[in-house]
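Visitor: Here it is, the structure in full.
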Amino acid sequence: METTTAQEINFKVETINTNGPINFPHPRSTEPFPPIVQSYFEGTQLEVSAIILLPYGQQANFQSVTSNNNTKSLEFYINYLAAEKAVADFAVYQVTFYYPIAANPGTITTFVRDEDPVTSRGTQTSVQP
């Protein structure tokens, strides 16, 4: 694996639930939910698709997707800004991006990170061939 730190990646965001929020019976703390991630390697490209829950009714302000492969596992950070507030209603977003890489890394770790203040949750995922 080549060495790169905090490489910025182009990404696409889609809103998934158009019929209203996903409701939980009790408010969740301000810590983000971990993402649900699928990754697929083909040729010289890794495709990563993450399902993310963010507080409903707030502007989803996705800032960037960055990578860090200076660790044992290739890491991706999906960065956003959200109000610091415990809520029970969530909107669902799908973030998809592609990462050029010479070989299948085996596993990746994808984090959802609120940048103000910095809090994150991650998920380790096996890469499908």
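The values are calculated or read from the model by the stated rules, or taken from the named source; none is laboratory data. Predicted, not measured: the structure shown is a model, and the values here were computed from it. Here the Cβ is made from the backbone with ideal geometry for all residues, glycine too, and neighbour counts use every protein chain on show. Calculation scope for accessible area: heavy atoms of the full protein, side chains included, ligands and nucleic acids excluded. Shrake-Rupley method; radii C 1.70, N 1.55, O 1.52, S 1.80 Å.
Visitor: Do we find a residue being aromatic (F, W, Y), out of contact with any helix residue (DSSP H, G or I) (no Cβ under 6 Å at 6 or more places or on another chain), modelled with pLDDT of 85 or more and part of a strand (DSSP E or B) anywhere in region 103-123? Give the derivation first.
Guide: Step one: list which residues in region 103-123 are aromatic (F, W, Y), which gives 111.
Add one more test, that the residue is out of contact with any helix residue (DSSP H, G or I) (no Cβ under 6 Å at 6 or more places or on another chain), and what stays is 111.
When the remaining residues are screened for being modelled with pLDDT of 85 or more, the result is 111.
Those still in the list that are part of a strand (DSSP E or B) too: 111.
Yes - at least one qualifying residue is present in region 103-123.
Visitor: Which members of region 1-22 meet the condition of being at pLDDT 80 or above, surrounded by 10 or more Cβ atoms within 10 Å (Cβ to Cβ) and more than 17 Å from S64 (Cα to Cα)?
Guide: Within region 1-22, I16, P21, I22 meet the criteria.
Visitor: Additional query: Just the residues that are surrounded by fewer than 19 Cβ atoms within 10 Å (Cβ to Cβ), not in a loop (DSSP other than H, G, I, E, B) and not basic (K, R), please, taken from region 23-40.
Guide: N23, F24, P25, H26, P27, I36, Q38, Y40
Visitor: Any residue in region 66-91 that is open to solvent by 20 Å² or more (accessible area, probe 1.4 Å) and of a type in the set (K, R) sitting within a Cβ distance under 9 Å of a residue that is part of a strand (DSSP E or B) and modelled with pLDDT of 80 or more? List the pairs, counting only those 6 or more apart or interchain.
Guide: K85/P27; K85/P55
Visitor: A further question on this structure: Could you say whether any residue in region 55-64 is open to solvent by less than 10 Å² (accessible area, probe 1.4 Å) and farther than 14 Å from P35 by Cβ?
Guide: No, region 55-64 contains no residue that is open to solvent by less than 10 Å² (accessible area, probe 1.4 Å) and farther than 14 Å from P35 by Cβ.
Visitor: Sticking with this one: V48: touching a residue at least 60 places away in the same chain (Cβ under 8 Å) and within 10 Å of the chain's Cα centre (by Cα), yes or no?
Guide: For V48, the condition - touching a residue at least 60 places away in the same chain (Cβ under 8 Å) and within 10 Å of the chain's Cα centre (by Cα) - is met.
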